[in-house]
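Okay, so here's the structure we're looking at.
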Amino acid sequence: MKGNQYFKLFSILLTVLLLTACADSSKTLSQISSQQQLSTVSDSHEDFQDQQGLVTLTTDFDQVHLKNQTVLYSAWGRFTKEGYEDPNLLQQHCCYITADLSVKQESFETDLNMIISLNGEFIFKKIDTILQADADRITVGSLHSADLNGDGLDELVLNFSVGNGNTVTRIYKVTQDTIDVIFDFDEFNSYESNLIQKLGYSVSFIKNKKAVLSNSTVAQFKKEIDLSDQFLEEAFDRFGVLKEEDDLRDLYVQTIYECKIFPSETNEVFRFNSTLILGTGYFATVQTTVALTAENELKVLDALVLKT
């Protein structure tokens, strides 16, 4: 437990250094034209302890007119080609995920923002709206920067928990003045257009109350799973095969968590754990490794069952 607290404290101290490095106290907002990209970070920031005793950072991003922003995640990356004419230059771009958590009311809504520092200039995008009561859940997640599609620039992978027990997972692309979602896992996680099809998972049913989970893109991937504890006796026929009734055979991805990035021979790959639902109940927890193609489509590389 102490190790986790030390790690979180180290992460916050690193974020403070990043914000300080971006600051330019010689300029004020009155000296900057409203037509220009604002390029300074407010020098006023404070560390405080939340209800769980964890140290967090709150600061003003005056350049984009955002006040009282708590920094939830941060990540360095090379997001645009501008400013990198010299390949030996250190990476200077940084992404912050922030929210104003200063109002302590459970019903209070606040914007979740993505702020990008591009060589001293800043852009931002509102990426979600959250409830104050969900603030603790949102800190359980991750932000990664990685070149997923092989174009020489980093994408951003954001994953966090939400109040209904599910998670949000998106891949963002940054240009000089915009932040765009190039893949949103939630858009495919529905009854009409299910993410399970994108990830290649399918299930077949055999005798003795069992199912076989497979993946169409990973030839060696097959896992036999016992269904006897997941469905009532009347859900099976006399051979123990699950009946085709009431959508019991429908397979879905529910929760995506523990997202990680790994290097590969060409570009970096994205590995995540997710929960699969069969019908309306838990089915299995799987680990999926995917690459992002040049057309920003998912390509499944590997699959593994972690728990049934």
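The values are calculated or read from the model by the stated rules, or taken from the named source; none is laboratory data. Note that the coordinates shown come from a computational prediction; the quantities given were computed from them, not determined experimentally. Glycine also receives a Cβ, built like all others from the backbone with ideal geometry; neighbour counts cover every protein chain displayed. When the accessible area is computed, the model is the full protein with side chains, heavy atoms only, and any ligands, DNA or RNA have been set aside. Shrake-Rupley method; radii C 1.70, N 1.55, O 1.52, S 1.80 Å.
Net charge of the neighbourhood of MET114, taken over other residues with C-beta under 9 Å away and scored Lys/Arg +1, Asp/Glu -1, is +2. Of ASP111, ASP247, the order by accessible heavy-atom surface (1.4 Å probe, DNA, RNA and ligands excluded), from most exposed downward, is ASP247, ASP111. Counting only protein chain heavy atoms and rolling a 1.4 Å probe, the accessible areas of ILE261, ILE196 rank, largest first, as ILE261, ILE196. Pairs exceeding a 24 Å alpha-carbon distance, out of LYS67/LYS104; LYS126/LYS198; LYS125/LYS299; LYS222/LYS299: LYS126/LYS198; LYS125/LYS299. Counting only protein heavy atoms and a 1.4 Å probe, the stretch 93-187 has 38 square angstrom of accessible area per residue. Using the alpha-carbon positions of the stretch 205-279, Rg (one decimal) and Dmax (whole number) come out as 16.2, 51 Å.
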